[in-house]
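One structure, pasted below without further comment.
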Amino acid sequence: VQLQASGGGLVQPGGSLRLSCAASGRTFSNYVMGWFRQAPGKEREFVATISWSGGSTYYADSVKGRFTISRDNAKNTVYLQMDSLKLEDSAVYYCAARRHSTAAVSTSSYDYWGQGTKVTVSS
């Protein structure tokens, strides 16, 4: 499956952005989807994941209550709504797809990756 992330940009602290990740090539609804991020000089870290149906989600503690992951299987797209953004949310955000049905938070558990979209939170 091919993944294309978009929606990044420059936003002030407290602002919002919505990232999108469009999938193609395989049956999108067969994949658990995840969002990860990587700040300069840091390792890539888990942000959120969503089940095949969208009925189950899981978030990193650092974004819980501020970010919302969702998916539209008819559009082969997964979203990450980011609200109340903080300076420390600045990073390149990656979407990823996992062939297995169980949720996962490690980068090694995901099989396909998008190219990343940059989010900069700055005043």
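The values are calculated or read from the model by the stated rules, or taken from the named source; none is laboratory data. Computed from a predicted structure; not experimentally measured. When we count neighbours, we look across all protein chains shown, and the Cβ atoms used for this are built from the backbone with ideal geometry, even at glycine. Each accessible area value is taken on the protein alone, full model and side chains, heavy atoms only, with ligands, DNA and RNA left out. Shrake-Rupley method; radii C 1.70, N 1.55, O 1.52, S 1.80 Å.
Along Cα→Cβ, 7 Å out, is where each label goes; now give me the distance between the ones at residue 53 and residue 39 in nm to one decimal.
With each label placed 7 Å out from Cα toward Cβ, I get 3.7 nm.
Then there is this: Quick one: accessible area per residue over the chain, 1.4 Å probe, rounded to a whole number of Å²?
With all protein chains present, the chain gives 50 Å² per residue.
Tell me which trypsin sites (Lys or Arg not before Pro) from region 32-75 have a DSSP coil assignment and no more than 15 other beta carbons within 10 Å of their own.
Those satisfying the criteria are 42, 64, 66, 75.
A further question on this structure: Can you work out the Karplus-derived ³J(HN,Hα) for every residue in region 62-69? Use 6.51 cos²θ - 1.76 cosθ + 1.60 with θ = phi - 60°, whole Hz, and x for glycine or proline.
5, 10, 4, x, 10, 10, 9, 9
With each pseudo-label sitting 7 Å past Cα toward Cβ, what's the residue 2-residue 75 distance in nm, one decimal?
Spacing of the two 7 Å Cα→Cβ label points: 2.0 nm.
For region 1-104, give the percent of accessible area contributed by carbon and sulfur heavy atoms, probe 1.4 Å, rounded to a whole number.
Summing carbon and sulfur atoms, their accessible area is 46 percent of the total for region 1-104.
Where in region 88-123 does the label zone of residue 27 land, with the point 7 angstrom along Cα→C-beta and an amide N cut-off under 19 Å?
Answer for region 88-123: 97-103, 111-112.
Another question, if that's okay. What base-10 log of the normalised intensity I(q)/I(0) is obtained for region 58-123 from the Debye formula, alpha carbons as equal point scatterers, at q = 0.13, 0.22, 0.24 Å⁻¹?
-0.42, -1.19, -1.35
Work out the P(r) tail for the chain: percent of alpha carbon pairs separated by more than 22 Å, whole number.
For the chain, the fraction of Cα-Cα distances above 22 Å is 25 percent.
Identify which of 27, 77, 57 has the largest mean-square fluctuation in a Gaussian network model of the chain, with springs joining Cα atoms closer than 10 Å.
Comparing 27, 77, 57 in the GNM, the peak value goes to 27.
If you take every residue apart from residue 51 with its C-beta less than 15 Å away from the C-beta of residue 51, what net charge results, scoring Lys and Arg +1 and Asp and Glu -1?
+2
With each pseudo-label sitting 7 Å past Cα toward Cβ, what's the residue 12-residue 66 distance in nm, one decimal?
Those two pseudo-labels are separated by 1.7 nm.
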